[in-house]
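Quick notes on the structure that follows.
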Amino acid sequence: MSVKQAFQPDTIPITLTMITPLKVMTSAYRNTATYRRIAASLATVGLIEPLIVFPNTSGNYILLDGCQGCCD
């Protein structure tokens, strides 16, 4: 039995403005310690894993994974 590949194996550079999150981060969340930790980690270490996106019909991308719990 063969398994069909469900993703594109290549990395595609796109701009952040082309990515739409599934959920919008609230301003209240931006004031939490968790948000500050994530922001500090990104500033210090950078992005460790690539964002997982899916193309939509308008030529932009929907963010599927990479929100780090910030939008819950």
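A few comments on the model shown:
- (i) 1.90; (ii) 1.15; (iii) 1.31, with the label sought being that of the calculated Cα Rg over 2.2 N^0.38 Å: (iii)
- Potential lengthening between Thr17 and Ala43 on full extension [0.36 nm per residue; Cα-Cα distance subtracted]: 7.4 nm
- Residue-wise HN-Hα coupling along region 50-57, computed from phi with Karplus coefficients 6.51, -1.76, 1.60 (Hz; x: Gly, Pro): x, 6, 9, 10, 10, x, 10, 6
- Loop-located trypsin sites (Lys or Arg not before Pro) in region 17-63 (DSSP state other than H, G, I, E, B) with a sparse environment of at most 10 neighbouring Cβ atoms within 10 Å: Lys23.
- For region 34-48, the Karplus equation 6.51 cos²θ - 1.76 cosθ + 1.60, evaluated at θ = phi - 60°, returns couplings of 4, 4, 4, 5, 5, 4, 5, 5, 5, 5, 8, 9, x, 7, 8 Hz by residue, with Gly and Pro reported as x.
- Solvent-accessible area, 1.4 Å probe, carbon plus sulfur percent, for the chain: 61 percent
- Exposure rank, largest accessible area first [Phe7, Phe54; 1.4 Å]: Phe7, Phe54
- Surface per residue (accessible, 1.4 Å probe) for the chain, Å²: 86 Å²
- Residues with amide H under 5 Å from that of Val53, placed H, sequence gap 5 or more: Leu64
The values are calculated or read from the model by the stated rules, or taken from the named source; none is laboratory data. Being a predicted model, the structure only gives us computed values, none of them experimental. Backbone-built Cβ (ideal geometry, glycine too); neighbour counts: all protein chains shown. The protein model used for the area step is the full one, side chains on, heavy atoms only, and it has no ligands, DNA or RNA in it. Shrake-Rupley method; radii C 1.70, N 1.55, O 1.52, S 1.80 Å.
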